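Q: Dropping the structure in here first, questions after.
The values are calculated or read from the model by the stated rules, or taken from the named source; none is laboratory data. Here the structure is a predicted model, which is why all the values come from computation and not from measurement. Note: ideal-geometry Cβ built from the backbone for every residue, glycine included; neighbour counts use all protein chains shown.
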Amino acid sequence: MKTITVDIGNTRSKYVVWSNEGLMLEHGSDVLMVDLLARFPDSKMVVSCVGKRNEVVPVEAKFLEVGGRFPFEIGIEQPHTLGVDRLAGMLGAFHKFSESDLLVIDLGSCVTYDYLYLKGDHGLPIYAGGAISPGLRFRYVVMSEHTAALPYLGDEVSNFLHVVNDVERNTVTAMHSGVLLGFLDEVSGRVDRFFKEYQDGLVVFTGGDAELIHEKLGNRWKSKIFVEPWLVHYGLYHAL
């Protein structure tokens with residue numbers, strides 16, 4: 001029996017079809033769940049939803065819930081407020097990199113930093129919590145929508161990421177300098193502090209900007225940072 005995992009995010013939905021052996025057969029985005037089940041009738045479906053669910057949910061679909069059973073403790077104060085996409089990402093990282101302390105950074109509409117330690121208060125692995133900040137392109141949105149004259153430059157990120165400097169002489173490049181270098185400083189600062197405390201730990205990048213940021217920062221820590229675009233789906237697969 002095949003497995004279909006669906007991740008409904010803030011801006012789009014993505015899906016993966018898995019074989020009986022856990023191999024990725026197909027993936028894509030923005031496809032109705034009922035259409036997927038029609039194409040793969042002999043399958044199970046598990047869903048992570050943090051966005052608005054604007055389609056009919058098939059009765060076969062199971063939604064990931066924070067109250068389920070997991071191979072680690074959930075150490076945050078109000079588990080019911082935890083986004084299930086963060087939980088699914090941590091579950092995927094745990095199954096792929098289970099022998100290390102982990103920092104999972106999801107670089108999407110928002111940036112989430114999530115920490116898993118192999119030994120928590122009770123000697124078991126613990127998902128300790130983390131932090132949330134605005135995503136890369138959302139920072140451009142804020143500047144353009146909340147000022148009178150600044151343009152939206154979020155579509156030009158890849159053109160400026162490797163050439164922007166601390167000191168720029170025009171408005172456009174000054175905006176890129178502020179957003180891009182500030183964003184890189186934020187991510188690298190988190191990674192630095194994590195490795196200072198957990199020298200044998202690993203960092204996992206996921207989300208839409210994972211490859212872009214890894215290209216800029218990856219050489220600094222070489223084999224200690226991994227990119228896994230489908231991390232949430234690995235977690236959903238193992239949850240089911």
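Q: Please find, within the stretch 65-93, the residue that is surrounded by the most Cβ atoms within 10 Å (Cβ to Cβ) out of those that are hydrophobic (A, V, I, L, M, F, W, C) and in contact with a Phe, Trp or Tyr (Cβ under 7 Å, 6 or more places away or on another chain).
A: Result: Met90.
Q: Another one. Evaluate the following for Ser158: is it in the same structural domain as Val84 (by TED's automatic domain parsing), of a type in the set (Ser, Thr, Tyr) and at pLDDT below 95?
A: Against the criterion (in the same structural domain as Val84 (by TED's automatic domain parsing), of a type in the set (Ser, Thr, Tyr) and at pLDDT below 95), Ser158 qualifies.
Q: If I filter the stretch 13-28 for residues that are buried (at least 16 other Cβ atoms within 10 Å of the Cβ), hydroxyl-bearing (Ser, Thr, Tyr), within 18 Å of the chain's Cα centre (by Cα) and outside the structural domain of Ser109 (by TED's automatic domain parsing), do I get at least one hit?
A: There is at least one residue in the stretch 13-28 that is buried (at least 16 other Cβ atoms within 10 Å of the Cβ), hydroxyl-bearing (Ser, Thr, Tyr), within 18 Å of the chain's Cα centre (by Cα) and outside the structural domain of Ser109 (by TED's automatic domain parsing).
For every residue, the table says whether it meets (1) among the small types (Gly, Ala, Ser); (2) surrounded by 13 or more Cβ atoms within 10 Å (Cβ to Cβ); (3) touching a Phe, Trp or Tyr at 6+ places or on another chain (Cβ under 9 Å); (4) outside any strand (DSSP E or B).
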| position | (1), (2), (3), (4) |
| --- | --- |
| His95 | no, yes, yes, yes |
| Ser98 | yes, yes, no, yes |
| Leu103 | no, yes, yes, no |
| Asp106 | no, yes, yes, no |
| Ser177 | yes, yes, yes, yes |
| Leu181 | no, yes, no, yes |
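Q: With the structure loaded, tell me whether Val204 is crowded, with 20+ Cβ neighbours inside 10 Å and touching a Phe, Trp or Tyr at 6+ places or on another chain (Cβ under 6 Å) or whether it fails that test.
A: yes
Q: Anything in the stretch 108-133 that is modelled with pLDDT of 95 or more and closer than 19 Å to Lys216 by Cα? List them, or say none.
A: Answer for the stretch 108-133, where residues must be modelled with pLDDT of 95 or more and closer than 19 Å to Lys216 by Cα: Val111, Thr112, Tyr113.
Q: Report the residue count in the stretch 108-131 for those that are in a strand (DSSP E or B), under 25 Å from Gln199 (Cβ atoms) and hydrophobic (A, V, I, L, M, F, W, C).
A: Number of matching residues: 5.
Q: In the list Val59, Val34, which residue meets the criterion of being assigned to a loop (DSSP other than H, G, I, E, B), out of contact with any His (no Cβ under 9 Å at 6 or more places or on another chain) and of a type in the set (Val, Ile, Thr)?
A: Val59
Q: Just to be sure I understand, how many residues within the stretch 95-120 are farther than 11 Å from Gly201 by Cβ and either outside the structural domain of Gly208 (by TED's automatic domain parsing) or over 14 Å from the mean Cα position of the chain (by Cα) (or both)?
A: Residues flagged as farther than 11 Å from Gly201 by Cβ and either outside the structural domain of Gly208 (by TED's automatic domain parsing) or over 14 Å from the mean Cα position of the chain (by Cα) (or both) within the stretch 95-120 amount to 5.
Q: Name the residues in the stretch 160-172 that are surrounded by fewer than 17 Cβ atoms within 10 Å (Cβ to Cβ), in contact with a helix residue (DSSP H, G or I) (Cβ under 9 Å, 6 or more places away or on another chain) and part of a helix (DSSP H, G or I), would you?
A: Val172
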